[in-house]
């Protein structure tokens with residue numbers, strides 16, 4: 001699907017992914033593996049996991065739309081579930097079991113517990129974290145807009161930030177994680193190349209003329225009590241990501257020109273004996 005540069009506010013997620021443009025996911029895949037894998041590889045995402053992710057985004061970003069529906073059925077294996085699921089899907093809703101529904105609600109809004117004084121209080125939830133809530137509740141917030149820009153190379157780039165606010169000059173992405181602590185999520189940033197994603201999105205925003213001061217990750221844990229934390233990258237980290245993104249775009253441009261997407265593995269590989277085997281043989 002060909003597209004012209006611009007910001008598309010009503011484009012669906014399916015339409016966005018069908019467009020022929022370079023995304024942050026492609027860039028991260030190329031950095032982690034190679035251009036060949038990024039170009040021709042396919043991701044295998046579990047449908048249930050994908051639905052929980054979509055539900056969490058909907059409940060966190062736009063809870064007023066009430067797109068997440070609790071099923072009357074305890075299991076997905078019944079005929080009644082299938083019928084209820086089809087009705088929800090036709091209406092643009094997502095049907096969840098009680099277990100998955102509670103998980104999504106917990107990550108979005110927190111859970112109720114009894115404190116030391118036997119009072120019921122609410123803890124956890126990304127919408128209850130003060131820093132995250134400031135962006136999520138911004139009056140001018142724009143959720144899941146699709147942005148398309150033409151890079152200086154002539155290639156079309158695309159980004160679909162979870163949320164951004166022109167008034168706050170912040171662009172953000174919701175992340176569910178096992179550990180949202182400063183140390184724990186720092187590992188995720190470098191392992192999953194979130195730094196490259198942030199740099200790519202900021203590049204797209206700049207070309208589109210959207211003035212953004214910083215990119216934020218709104219991280220929430222996928223387990224009780226659903227702690228959440230607001231993360232940013234410093235300028236040095238963003239510049240490192242920008243260099244990697246730019247280098248990958250240059251390589252991609254030349255690959256497109258040649259019609260060849262290299263693995264950069266060379267013709268063959270000679271594997272030496274590992275040092276730990278050498279130590280064993282000397283003992």
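Packing-based ranking of 95-107, 13-25 yields 95-107, 13-25, ordered from highest to lowest mean Cβ neighbour count within 10 Å.
Whole Å is fine, so just give me how far the alpha carbon centre of the stretch 220-283 lies from that of the stretch 22-74. Each part reduced to its Cα centre gives a spacing of 21 Å.
Principal-axis analysis of the Cα atoms of the chain puts helix 194-208 at an angle of about 90° to the longest axis.
Across the alpha-carbon atoms of the stretch 156-216, the computed radius of gyration and Dmax are 12.3, 36 angstrom.
Among 180, 143, a tally of other beta-carbon atoms within 10 Å of each Cβ gives an order, fewest to most, of 143, 180. Over the chain, dividing the summed -39,500 (n - 2.57) contributions of all DSSP H runs of at least 4 residues by the number of residues returns a 222 nm mean residue ellipticity of -13000 deg cm²/dmol. Pairs of Cα atoms nearer than 8 Å and 6+ residues apart set the relative contact order; for the stretch 45-109 it is 39 percent. From least to most packed, judged by other beta carbons within 10 angstrom and beginning with the fewest, 140, 129 follow the order 140, 129.
At q = 0.13, 0.16, 0.17 Å⁻¹, what is the log10 ratio I(q)/I(0) for the stretch 144-251, with the Debye formula run over Cα points and no solvent? Debye output, listed in q order: -0.49, -0.73, -0.81.
Using alpha carbons only, the radius of gyration of the chain set against its Kirkwood radius gives Rg/Rh = 1.03. Averaging the sequence gap over all C-alpha pairs within less than 8 Å and six or more residues apart, then dividing by the number of residues, gives the chain a relative contact order of 20 percent.
Each of 121, 207 has some number of other Cβ atoms within 10 Å of its Cβ, and from fewest to most they run 121, 207. Label point of residue 70 set 7 angstrom out along Cα-Cβ; within the stretch 101-132, amide nitrogens under 15 Å from it belong to 101-112. Derived value for the stretch 213-269: Kirkwood hydrodynamic radius 15.1 Å. Basis is the mean of 1/r over every pair of different alpha-carbon atoms. Considering all different alpha carbon pairs of the stretch 44-157, the Kirkwood hydrodynamic radius works out to 16.6 Å. Translational diffusion of the stretch 1-96 was estimated from the Stokes-Einstein equation, with Rh taken as the Kirkwood radius over Cα pairs; at 10 °C and 1.306 mPa s the coefficient is 99 µm²/s. Put simply, the stretch 45-109 fits an ellipsoid with semi-axes of 18, 13, 11 Å; these come from the alpha carbon gyration tensor as the roots of five times its eigenvalues, largest first. Centroid-to-centroid, using Cα positions, the stretch 154-219 and the stretch 112-135 are 25 Å apart. Helix 47-61 and the longest principal axis of the C-alpha atoms of the chain enclose an angle of approximately 70°. Under the criterion of Cα pairs below 8 Å and six or more residues apart, the relative contact order for the stretch 180-283 equals 25 percent.
Since every read-out is calculated from the coordinates, none of them should be taken as a lab result. These figures come from a predicted structure and were not determined experimentally. FYI the Cβ positions are ideal-geometry reconstructions off the backbone, even for glycines, and counts take in every protein chain you see.
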